[in-house]
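The structure under discussion appears below in the form of structure tokens.
The values are calculated or read from the model by the stated rules, or taken from the named source; none is laboratory data. Just so it is clear, the model here is predicted, and its values are computed rather than measured. Here the Cβ positions follow ideal geometry from the backbone for every residue, glycine too, while neighbour counts run over all protein chains shown.
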């Protein structure tokens, strides 16, 4: 069985288990606070919707600037490990400030320091891992990226569960300390990781993808829709059902499916093409957003999670690999560009719902429209490719 053979080869690569642990810990560090971030700013700091959106946007703008700037020159750096190490250290300082915030300015400074360097962590970890497998196991490079991205997701959802339980133990203070511990663990493990330096040989880089600006726009729209869900679904769930920890359980429902779905999506993309699989995932996202906007049932919210999990698995697994292969000889820039696209989408996604008054399910009509436009773009591209 190909999956079993590939996985055995993957896990036997020198340094692969440590990379898995690094991505898992990074996922925990980001996941512990994620669903409660906006609620913390609203309930504990006392900020309004516009102030919350501005804090997210400002910190994200700096994150985007750092991510793409470092991406431009990171391929010239012999050892990339020091980039995520420095970024993780700054994030820890930011979290300490953030947990003591009692007004808008303190929250802005804390979140900016906690979030702005994080894109350098994500982008460079995947650039390092791609170089690692190109040098030591070139035939499993693409599926290794899928599995490492899935590992990050499993860590993220583990963080969600930890965050929900820490909230029960010590409210937001415990959640923030857990967030800090996740980044501290990542920092320590990264110090012990021996980076495989040097790029892949020309013969081992595999098949690249043609640069397509229109497909990058389609991915931007999909990521924008996901960003709207990421920020506003916790708020909508809290308003609808009155319990902030519910969002952690809703997101955690995805963890059961995501590892399997990412693996399946990776092999589907290799067989049918990345664009077709991304288009398929978009249809499932559309169903989910329409459900959020029209159904007032917590049970149904849980039931649609597998559908959304498939979309996320494709967007962040297949989509990331697709963008990286457009820049197959510049791993640092390719990985950073994908993170930059996600960040740009998040920035747009934070502000679009401000066009709708209040925090209501109507917000999810916006990502539904974005998905429809993206599906139209991808369908046109695929149709033209088939005719040519």
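Here is how the numbers come out for the structure above:
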item: Index of the failed condition, residue 293 passing every other in (1) in contact with a helix residue (DSSP H, G or I) (Cβ under 7 Å, 6 or more places away or on another chain); (2) touching a residue at least 60 places away in the same chain (Cβ under 8 Å); (3) within 28 Å of residue 65 (Cα to Cα); result: (3)
item: Single match in 377, 359, 371 (criterion: outside any helix (DSSP H, G or I) and either within 30 Å of residue 42 (Cα to Cα) or touching a residue at least 60 places away in the same chain (Cβ under 8 Å) (or both)); result: 359
item: Of all residues making up region 27-48, the number that are over 20 Å from residue 84 (Cα atoms) and surrounded by 17 or more Cβ atoms within 10 Å (Cβ to Cβ); result: 11
item: Which listed residue, of 279, 337, is over 30 Å from residue 77 (Cβ atoms) and part of a helix (DSSP H, G or I); result: 279
item: Residue match in region 67-84 (condition: modelled with pLDDT of 85 or more, buried (at least 24 other Cβ atoms within 10 Å of the Cβ) and over 20 Å from the mean Cα position of the chain (by Cα)); result: no
item: Residue within region 113-133 that is buried (at least 18 other Cβ atoms within 10 Å of the Cβ) and more than 23 Å from residue 342 (Cβ to Cβ) present; result: no
item: Residue in region 86-104 that is within 16 Å of the chain's Cα centre (by Cα) and touching a residue at least 60 places away in the same chain (Cβ under 8 Å) present; result: no
item: Residue identified as at pLDDT below 80, surrounded by 15 or more Cβ atoms within 10 Å (Cβ to Cβ), part of a helix (DSSP H, G or I) and touching a helix residue (DSSP H, G or I) at 6+ places or on another chain (Cβ under 8 Å) among 186, 160, 166, 180; result: 160
item: Qualifying residue in region 70-91 (condition: farther than 25 Å from residue 194 by Cα and outside any loop (DSSP other than H, G, I, E, B)); result: no
item: Qualifying residue in region 208-228 (condition: within 30 Å of residue 328 (Cα to Cα), at pLDDT below 75 and in contact with a helix residue (DSSP H, G or I) (Cβ under 9 Å, 6 or more places away or on another chain)); result: yes
